[in-house]
Amino acid sequence: MIKKNLEQVEKTIEEACASSGRKREDVTLVAVSKTNPVDRIQEAYDLGIRDFGENRVKEMLGKEPQLPGDIRWHLIGHLQTNKVKTVLDKTVLIHAIDSMKLSDTIDFEAKRKGIVVKGLLEVNVAREESKFGFFPEELLPLLDRLRQYRNLKICGLMTVAPMVENAEENRPVFRQLRELSIDIKSKNVDNVSMNLLSMGMTGDYRVAIEEGATLIRVGTGIFGKREIGD
Ligand SMILES: *Cc1c(COP(=O)(O)O)cnc(C)c1O
């Protein structure tokens, strides 16, 4: 089933790239493996996937040692400051930096470890009460602070769009995230680049790619419906 699903996802990615004049290699598929056991992750790995996304630190750290060392683990969920230390050198990208307290902690702990880590700022574009993230208007005033980090590099933005019936409803959300990233980029702030846009999940990644996603996070579309909650 994973093989068939991956073929379908790959086809959709290629179509979305073609219809929006983008290059396939500019979009990274992150296979969201949360709640899935390691044998299913290994199956996707054997089919060529190297980027996997987990939303819980403990789950990611439990799986990581059991799987091939060249997997790029993306931390896509809310990160508590007290867990930062344990995960910093295990992830290629922290997708969901949703507070300055968290970004300060990441920079501080990365400095202690002598490493440089990459992260994205999570934006609550649709202003949903249940969601984490900065509101769009909060970001520009923070740039001066982000500029001062030495061990945390801000590489772009991320959003979790609302659950909708029709993916088209999320097009304005994705567009707004991209416009915000262009605004920020135009300020030319040291240490803040805007090359990455993490947006789009199983229900709406086609639209997200058309609107400029460079990372899409696809779980159920690859691994099937999750048994337990997320
Ligand atoms: C679970 C999750 C996904 C994947 O969701 P699907 O609808 O299964 O593709 C993407 N992003 C985040 C932040 C998630 O927690």
Positive dipole terminus of the range 106-156, leading residue within LEU146, ALA126, VAL116 (C-beta point charges): VAL116
Among the listed pairs LYS58/LYS113; LYS3/LYS153; LYS63/LYS185, those beyond 25 Å (Cα-Cα): LYS3/LYS153; LYS63/LYS185
Eligible aspartates and glutamates near LYS118 by straight Cα distance, threshold 17 Å, same-chain separation 8 or greater: ASP51, GLU54, ASP89, ASP98, ASP104, ASP107, GLU109, ASP190
Mean separation of Cα contacts under 8 Å, 6 or more apart, over the residue count of the range 2-223: relative contact order %: 21 percent
Whole-number Å³ per residue for the convex hull built on Cα positions in the chain: 123 Å³
Under 5 Å, built H, 5+ apart or other chain: amide partners of THR28: LEU215, ILE216
Unsatisfied cross-links (Cα-Cα over 31 Å) in the set LYS11/LYS85; LYS101/LYS225; LYS101/LYS187: LYS11/LYS85; LYS101/LYS225
Computed over the range 139-224: relative contact order in percent, which uses C-alpha pairs under 8 Å that are six or more apart: 31 percent
Shape category assigned to the range 70-173 from the gyration tensor of Cα positions, a/c cut at 1.5: prolate
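Each reported figure results from applying straightforward, stated rules to the coordinates on display, with no laboratory input. Quick caveat, the model's predicted, so the values are computed rather than measured. Heads up, the Cβs are rebuilt from the backbone with ideal geometry, glycines too, and the neighbour counts pull from every protein chain shown.
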